[in-house]
Amino acid sequence: MDIILWIIFGLVVGVVAKFVMPGRDPGGMILTIVLGIVGGVLGGWIGRILGMYRPGEPVGFIMAVVGAILVLLIYRVTLGSSRA
C-alpha cells in the first residue's frame with residue numbers, strides 16, 4: 001500500500017512542479033512520477049539539512065515540490081541545452 005501512495009504522491013508533486021516550471025521536458029506520466037518521487041527525496045534531504053525534519057519524518061508537500069523543481073532545473077542546465 002505504501003508503494004501506491006508513493007506513486008500517487010510522486011505524480012501529484014511532479015505535475016505541480018511541471019506546472020510551476022513549464023517548458024519542454026521529456027517524459028510522460030512515468031517520468032513525472034519519478035520526478036515527483038526524486039523531488040520528495042531531495043526535498044526531504046534538504047529539509048533535514050536545514051533542520052526542518054528529523055530522520056524518519058515524512059517530507060512535506062512544499063519541500064517535495066521544491067525538490068522536484070530543483071531536479072527540473074538541474075536537468076535543464078545540464079542536458080536541456082544539448083537537445084535540438
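The values are calculated or read from the model by the stated rules, or taken from the named source; none is laboratory data. None of the values given here were measured: they were computed from a predicted structure. Here the Cβ is made from the backbone with ideal geometry for all residues, glycine too, and neighbour counts use every protein chain on show. The accessibility values were calculated without ligands, DNA or RNA, using every heavy atom of the protein model including side chains. Shrake-Rupley method; radii C 1.70, N 1.55, O 1.52, S 1.80 Å.
Of all residues in the range 39-57, those that are in contact (Cβ under 8 Å) with a residue 12 or more places away in the chain and under 24 Å from Leu11 (Cβ atoms) have Cβ atoms under 7 Å from Cβ atoms of residues that are open to solvent by less than 100 Å² (accessible area, probe 1.4 Å) and not in a helix (DSSP H, G or I), 6 or more apart or on another chain, in Gly40/Val59; Gly43/Val59; Gly44/Tyr53; Gly44/Val59; Gly47/Tyr53; Gly47/Val59. Restricting attention to the range 21-49, the residues that are β-branched (Val, Ile, Thr) and in contact with a helix residue (DSSP H, G or I) (Cβ under 6 Å, 6 or more places away or on another chain) add up to 4.
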